[in-house]
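See below for the structure under consideration.
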Amino acid sequence: MPRTMSLVAPHPKRMPLAGDWLEADRLPTDADFIALGVAYRSSGGLARGDDLARLLEERGRGDFSSLARLIVGGRIFSFRWHEDFWVPLFQFDWRDLTVRAVLQTLLLDLSAVLDGWSIGHWFVQPNARLRGERPIECLDADPAAVCQAARGDRLDAASRPVTR
């Protein structure tokens, strides 16, 4: 029997960043989902929550409930697409399936103003604060710079009025 659980809800404070791919007045499309999948392919791709929960269980690192706690607790992010929630796999160290430590700081800043879809997009788009590099590409080499970029983008987004 499949488990159904809503782990990702529309973010009540969603404020688009300048040049944001997802305008505040439209829902994500199939093309948006495919684009995110392609963007994350080189860093491990995306996994359906149920599939990731099974992998965590097989490796003795958790289960569906522990994955839900990671998401709800803000240690990792996910986004809902159709009836599933999806998790970008770059958030895990593949040697032992632990959550990458730097994510908690990043997600604390980003989740204050962005929903899961927008956070997913933020990591794979060129960022002016990172000299045009994508945050996901800079995460290993300069996590402090990525954290500064997230904090700056959060402050910028929080200073803009919410559009409806």
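Computed from the coordinates by the stated procedures, all read-outs in this text should not be read as laboratory data. The structure displayed is predicted, hence computed values, not measured ones. Here the Cβ positions follow ideal geometry from the backbone for every residue, glycine too, while neighbour counts run over all protein chains shown.
Fewest-first ordering of Ile71, Ile76 by other beta carbons within 10 Å of each residue's beta carbon gives Ile71, Ile76.
Put in line by how crowded their Cβ is, counting other Cβ atoms within 10 Å and starting with the fewest, Ser159, Ser78, Ser66 read Ser159, Ser66, Ser78.
Remark on Trp81: its backbone amide H falls under 5 Å from those of Trp86, a criterion applied only to residues 5 or more positions apart or on other chains, H modelled at 1.01 Å from N. Amide H to amide H, with H built 1.01 Å from N, Phe92 comes under 5 Å of Arg100, counting only residues 5 or more places away or on other chains. Three principal axis extents describe the C-alpha atoms of the range 30-159; from largest down they are 40, 31, 27 Å.
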